[in-house]
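Quick notes on the structure that follows.
Bear in mind these aren't lab numbers, they're just calculated from the coordinates by the rules spelled out. Everything quoted here is computed from the prediction, not taken from an experiment. Positions of Cβ are backbone-derived with ideal geometry, glycine not excepted, and every protein chain shown enters the neighbour counts.
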Amino acid sequence: MTGQEFFRDTQETIRAAVAKLGHSEGVYKVLRNPRRTLEVHIAVTMPDGSVETFLGYRSQHAAVFGPYKGGIRFHPSVTKEEVEALAMLMTLKNAVLGLPYGGAKGGVICDPNALPLSVVEQIARGYVRGLRDMIGPETDIPAPDVNTNARVMGWMLDEYLKSTNAINFSVFTGKSLNLGGIEGRAGATGLGIAYVTREACKVRGVELKGARVAIQGFGNVGRGVAHAITSLGAKVVAVTDITGGVYREEGLDVAKLTEYVQAHGGVAGFPGVEPLTNEQLFALPVDVLIPAALEGQITAPVAEQIKAPIVVEGANGPTTPEGAQVLADRGIMHVPDILANGGGVTVSYFEWVQGQQGGLRWSAETVHRQLDTYMTEAFAAVRAYSQRYNVSMREGAYLYAVDRLATGMIERGWVPS
Ligand code: NAD
């Protein structure tokens, strides 16, 4: 899918939700485009002394409930339209989670894995110099995303503080603990997915203790959810990644698999298991299926093969619109990304709150307890909309988000009621 198609699909999702909710066209007109998108050309000195430029964007969509928030990705396939669509989805995700934020996203067209670290650092610093008037602890708070991490946030934070003479570290989240990060950020997305899976199991009458779970992807999200769901009593029986797949009827030893992946770069070759393809993974007779790798994996034909009664989206956009329709028609509970993987941004919010309170530290236990509350409440709100409108959880999540946004816009006088 191109960035333009992604942007148009996202607009269409919002338009359909506004229409179904009976809100005025003005609501759609405000939400159909980002408020602004900044384009920044970043000049960098390469190791051979030549100068190269890299193109980056920061898009701020709609700040109905508070400052803009969303990650920054470094990837060769970044486009303006993709960044803008992702900013829109952040507005919806923040609204579903009940966070006091609008949506934003940033991206730089580069392949950091093929560049020396010194060049990546110059890109990070140059990007922030380009955006410094647009971001801030009370205007727009970026965070890590694809190919960016706490180290990149450290460089970006330093550049922002130096170039604005500021002292407030809350302008970025996803920082190292030492620089004011928060306990539990690394596993937050996975833990949030595990909490909503628990809620979905309750609704579907599936006993979480001993429930059989299959996960596509064993990166930050896949690994995190595998650990978290195991600690809640479920059994991860199947995992695939870029190197292959592993299946064990009695359940995989997630801790040993993690060690193995760290040592060997992937799950392929893990001893004492049966090999498995993605195709087989999606068709397994499990209780819960969690796509946590890539977008566009559950197409209509794949959705026809799924036997799990519950699909929880760990990745962003793992289901195509046609795949989602098949899941809905087959009565499979489909918990969408904007709800299920919101644990990361929710714990980012906690990090921001800590920083805004003068650097007060929350314990890991407090973080987990609060995250559970946010995820459980968001799940219940989305379910209420899906029941009220007799639609899937996926559509219910869009309706709930857009209704909250429309109501906020009316209350603030942006659009007539
Ligand atoms: P990651 O790069 O850490 O891991 C990706 C995983 O997918 C790896 O295990 C990789 O081997 C696997 N993979 C790649 N190609 C595959 C294939 N063809 N078949 C099976 N597995 C394959 O990325 P991540 O941070 O875990 O993110 C995964 C998804 O979750 C993305 O869609 C991302 O946007 C989304 N997400 C991430 C976070 C976060 O906090 N990291 C938050 C919200 C959403």
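Using the Cβ atoms and a cut-off under 9 Å, what net charge is assigned to the surroundings of Ser170, where Lys and Arg are +1 and Asp and Glu are -1? Don't skip to the answer; put the middle values down first.
On the way: positive: none; negative: Glu138, Glu351.
Its environment carries a net charge of -2.
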Practice problem: Assuming a ≥ b ≥ c are the square roots of the Cα gyration tensor eigenvalues, decide whether the chain counts as rounded (a/c under 1.5), prolate (otherwise, with a/b larger than b/c) or oblate. | Solution: oblate
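Mind checking the full-extension length gain between Met1 and Asp329? Use 0.36 nm per residue of separation minus the Cα-Cα distance, one decimal, nm.
115.7 nm
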Quiz prompt | segment 249-287 versus segment 101-163: alpha-carbon centroid distance in Å | solution = 35 Å
Quiz item: Where the only charges are on Cβ atoms (+1 Lys, Arg; -1 Asp, Glu), what is the dipole of segment 35-169 about its Cα centre, to the nearest 20 debye?
Solution: 360 debye
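Per the helix-only calculation at 222 nm, which mean residue ellipticity applies to the chain, given -39500 (n - 2.57) for every DSSP H run of n ≥ 4 and division by its residues, nearest 500 deg cm²/dmol?
Details: 15 runs with 196 residues, N = 417.
Rounded to the nearest 500, the figure is -15000 deg cm²/dmol.
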Quiz item: Gap in Å between the Cα centre of segment 35-85 and the Cα centre of segment 353-417?
Solution: 27 Å
Self-check item: Simple Cβ-charge dipole of segment 188-340, Lys/Arg +1 and Asp/Glu -1, about Cα centre, in debye nearest 20
Solution: 420 debye
Practice problem: For the chain, build the charge dipole from Cβ charges (+1 Lys, Arg; -1 Asp, Glu) around the Cα centre, then report which of Leu327, Gly217, Gly103 sits farthest towards its positive end. | Solution: Gly103
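For segment 21-179, rounded, prolate or oblate, judged on the Cα gyration tensor with a ≥ b ≥ c (square roots of eigenvalues), a/c < 1.5 rounded, else prolate if a/b > b/c?
On the way: a/c = 2.18, a/b = 1.59, b/c = 1.37.
Prolate shape, in that a/c is at least 1.5 and a/b is the bigger ratio.
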Quiz item: Does anything in segment 175-206 have its amide N under 17 Å from the 7 Å Cα→Cβ label point of Arg361, and if so which residues?
Solution: 175-186
Quiz item: Cα to Cα, under 21 Å, and not fewer than 8 places away if on the same chain: which lysines meet these conditions relative to Lys202?
Solution: Lys235, Lys307
Practice problem: Could you give the size of the charge dipole of the chain about its Cα centre, using +1 on the Cβ of each K and R and -1 on the Cβ of each D and E, expressed in debye and rounded to the nearest 20? | Solution: 920 debye
Practice problem: Rounded to whole Å and ordered largest first, report the semi-axes of the equivalent ellipsoid of segment 102-217 derived from its Cα gyration tensor (root of 5λ). | Solution: 35, 17, 13
Quiz item: For the pair Gln262 and Lys20, how long in nm is the line joining their label points, each one 7 Å along Cα→Cβ?
Solution: 4.3 nm
Quiz item: Which cross-chain or sequence-distant (5 or more) residues have an amide H under 5 Å from the amide H of Gly70, H modelled 1.01 Å from N in plane?
Solution: Ala104, Ile141, Ala143
Quiz item: Mind listing which trypsin sites (Lys or Arg not before Pro) in segment 192-224 are in a DSSP loop and have 15 or fewer other Cβ atoms within 10 Å?
Solution: Lys209
Quiz prompt | Those GluC sites (Glu not before Pro) in segment 246-277 that DSSP places in a loop and that have at most 16 other beta carbons within 10 Å | solution = Glu249, Glu250
